[in-house]
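First up is the structure itself, then whatever we jot down about it.
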Amino acid sequence: MKPLGWLLVLLLAWPLAAQEHLRVATFNLGLGRDGPGLLLKDIEDRDKDILALAEIITTVNPDILLITGFDNDYQLRALNAFNALEGLGYPFIFAPLGNAGLQSGLDINGNTRQRDWNDAWGFGRFEGSEGMALLSRVPIQSHRSFDTLLWKDFGPQPLAADGTAFFAHWPVLRLASHSLWDVELTLPNGPLHILAAHPTPPVFDGEEDANGLRNEAEITFLNRYLSGESFRDDQGTEAALPATPVILLADLNADPTRGESLKNALRHLLAHPRLQAVPTLETVEWESLGRLQVDYVLPGRALKMLDMGVFWPEGSALLDTAQSRHRLIWVDFEKPE
């Protein structure tokens, strides 16, 4: 996204200054395709499911939105085309590609070949596959990404049935299956930090539970970062999360009571002393398990929460057209003083 002049930034932020609340949301759009460029074509062709997803977003109308499950590209052509659909037009975007589909140069899956899908740092058909993007009406001041942190520093390694290491390259495997971000936004009355993540689904593995362990390890990072630990980011800066208002936005691919995920790290996160306790709201429906919560908007204690909800009207033709199994979850806050 091209830098905006200060005058334009002030004009864009001015309507937000007059608002009494801030609406923050996350939504897994389910817009993954089999190859690069295919999503852009579908957006340009105005596919009905994509228009329905955009209409859901405009109906809820969040000021800050994390989307997941979106095929991204280096030039942000697909994301910019989606953002140009009627009713969207977010002026500030943060969307680096992350680890999904980024080839490691290693034979991670041990099949004597390289460049398989499973040889990427994070599972993906291509770089940017089913990635993340932060769309905002609030100016982005700065950002940190933690995509090069190592898995071994946040949880135990998966083991084969005979007790040996499941991954030959375990010491160098990355933690983030997609991305881990700390994005600082500038509200008229001070900074707001958005923590964003999309851990791997804890399924599609074997008895070693590699994906379950990685999901747990990614959530463990969020716990530790919220607790004040310093971490070195991808730019080489080591720092802790500042003591400013914070909101966690994520598709954690984990429900606190159901499903195949390990529960310890998630339960610690939901009870973290820096975060508010929030009601459990179902955000996805799977054919085998029914409705679960895997998508989260978790506000820091410094914020006054006014309302929250999930866009899930019964018998909605709009949801049927949108096709995504996930539902948009939102929270309204009183703007920080």
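The set of residues from segment 158-189 being within 15 Å of residue 210 (Cβ to Cβ), touching an Asp or Glu at 6+ places or on another chain (Cβ under 9 Å) and surrounded by fewer than 18 Cβ atoms within 10 Å (Cβ to Cβ) comprises 159, 160, 161, 168, 169. Annotation: residue 299 fulfils all but one of (1) part of a strand (DSSP E or B); (2) over 18 Å from the mean Cα position of the chain (by Cα); the unmet one is (2).
Does segment 297-305 contain at least one residue that is in contact with a strand residue (DSSP E or B) (Cβ under 8 Å, 6 or more places away or on another chain) and under 18 Å from residue 56 (Cβ atoms)? For segment 297-305, residues in contact with a strand residue (DSSP E or B) (Cβ under 8 Å, 6 or more places away or on another chain) and under 18 Å from residue 56 (Cβ atoms): present. Among the residues that make up segment 40-61, is at least one of them surrounded by 21 or more Cβ atoms within 10 Å (Cβ to Cβ) and either under 30 Å from residue 174 (Cα atoms) or charged (D, E, K, R) (or both)? No - not one qualifying residue is present in segment 40-61.
Table: residues versus (1) of a type in the set (S, T, N, Q); (2) over 16 Å from residue 118 (Cα atoms).
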{"position": "166", "(1), (2)": "no, no"}
{"position": "177", "(1), (2)": "yes, no"}
{"position": "189", "(1), (2)": "yes, yes"}
{"position": "196", "(1), (2)": "no, yes"}
{"position": "199", "(1), (2)": "no, no"}
{"position": "202", "(1), (2)": "no, no"}
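Residue check: residue 281 meets all listed conditions (1) under 30 Å from residue 210 (Cβ atoms); (2) assigned to a loop (DSSP other than H, G, I, E, B); (3) touching a His at 6+ places or on another chain (Cβ under 9 Å); (4) of a type outside the set (Val, Ile, Thr) but one, namely (3). Between 102, 106, the distinction of being farther than 17 Å from residue 198 by Cβ, aliphatic (A, V, I, L, M) and surrounded by fewer than 21 Cβ atoms within 10 Å (Cβ to Cβ) belongs to 106 only.
Which condition from (1) in contact with a His (Cβ under 6 Å, 6 or more places away or on another chain); (2) farther than 30 Å from residue 320 by Cβ; (3) among the hydrophobic types (A, V, I, L, M, F, W, C) is the one that residue 302 breaks? Failed condition: (1).
Yes/no matrix, rows are residues, columns are (1) surrounded by 15 or more Cβ atoms within 10 Å (Cβ to Cβ); (2) in a loop (DSSP other than H, G, I, E, B); (3) of a type in the set (A, V, I, L, M); (4) touching a Ser or Thr at 6+ places or on another chain (Cβ under 9 Å):
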position: 256; (1), (2), (3), (4): yes, yes, no, yes
position: 266; (1), (2), (3), (4): yes, no, yes, no
position: 313; (1), (2), (3), (4): no, yes, no, no
position: 319; (1), (2), (3), (4): yes, no, yes, no
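The residue of segment 206-243 that is surrounded by the most Cβ atoms within 10 Å (Cβ to Cβ), among those that are in a loop (DSSP other than H, G, I, E, B) and without any contact (Cβ under 8 Å) to a residue 40 or more places away in the chain, is 240. Number of residues in segment 183-205 that are farther than 23 Å from residue 264 by Cβ, in a strand (DSSP E or B) and not polar (S, T, N, Q): the value is 9. Contact map, segment 269-297: residues that are without any contact (Cβ under 8 Å) to a residue 24 or more places away in the chain paired with residues that are surrounded by fewer than 16 Cβ atoms within 10 Å (Cβ to Cβ) and in a loop (DSSP other than H, G, I, E, B), Cβ distance under 7 Å, separation 6+ or inter-chain. No pairs are found.
Could you say whether any residue in segment 152-174 is under 30 Å from residue 57 (Cα atoms), outside any helix (DSSP H, G or I) and under 18 Å from the mean Cα position of the chain (by Cα)? No: zero hits. Just to be sure I understand, how many residues within segment 207-219 are touching a helix residue (DSSP H, G or I) at 6+ places or on another chain (Cβ under 7 Å), under 24 Å from residue 164 (Cα atoms) and of a type outside the set (Lys, Arg)? Number satisfying all stated conditions: 2.
A short reminder: the numbers here are calculations on the coordinates, not readings from a lab. These figures come from a predicted structure and were not determined experimentally. Cβ coordinates were reconstructed from backbone atoms using ideal geometry, including for glycine residues, and neighbour counts include every protein chain displayed.
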